[in-house]
Amino acid sequence: MSPSHICDIPRDAGSFTICHICGVPADASFFDESSIQKGPQTGQEIVLARYELHRNYCGTLLYFAQFTNKYGESATNVLTEGYQWEIRINGQARDPYLTFDHIVNPWGLLGFLIYLRLEEGCVLEFVIRNVGAPPEPELEKVGGRILGRYWYNNIYGGAPNRL
């Protein structure tokens, strides 16, 4: 699918209509959550971005981004020694993003698209945990962003919010 593709399905077509080009349901919407916070202390973890899908809705995580003050100083500072990043769904780390200790998708740059399936009504979290970072240089600021799509799961019958 081309990034510039816009589905030509009428908005009142109902949730059973799927774009014949991209396969995304016509009632799909986007979510975009982010925050920048003070870096976690040793043993502490911080939820940088969180999104809870509505009951009877499922979706796809399309993109995530990371930020640290060290990476902001120089793009060569990609290692986050002593810190672990995780993408969790319902409290469980999701493969292939179980834990990583470096900047994978830098904030401010167009990162790689991912298509990570989100189950019905799940809670998606992007977290960073300090597992024993050296006292110097601790991360002063950390940030995370998650962006994705969600849609009504028509397994539950009918179309959502029909007039």
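For the reader, a short list of remarks on this structure follows.
- Split the accessible area of the range 49-141 by element, probe 1.4 Å, and carbon with sulfur accounts for 53%.
- Between HIS54 and TYR115, the contour length at 0.36 nm per residue exceeds the Cα-Cα span by 20.1 nm.
- Scattering curve values for the range 68-109, log₁₀ I(q)/I(0), Debye with Cα scatterers, q = 0.17 Å⁻¹: -0.51
- Between ILE21 and GLU138, residue separation times 0.36 nm minus the direct Cα-Cα distance comes to 37.4 nm.
- Fully extending the segment from VAL123 to SER74, taken as 0.36 nm per residue of separation minus the present Cα-Cα distance, adds 14.3 nm.
The values are calculated or read from the model by the stated rules, or taken from the named source; none is laboratory data. All figures in this text were calculated on a predicted structure; none of them were measured in a lab. Protein only, heavy atoms only, side chains kept; ligands, DNA and RNA dropped before computing areas. Shrake-Rupley method; radii C 1.70, N 1.55, O 1.52, S 1.80 Å.
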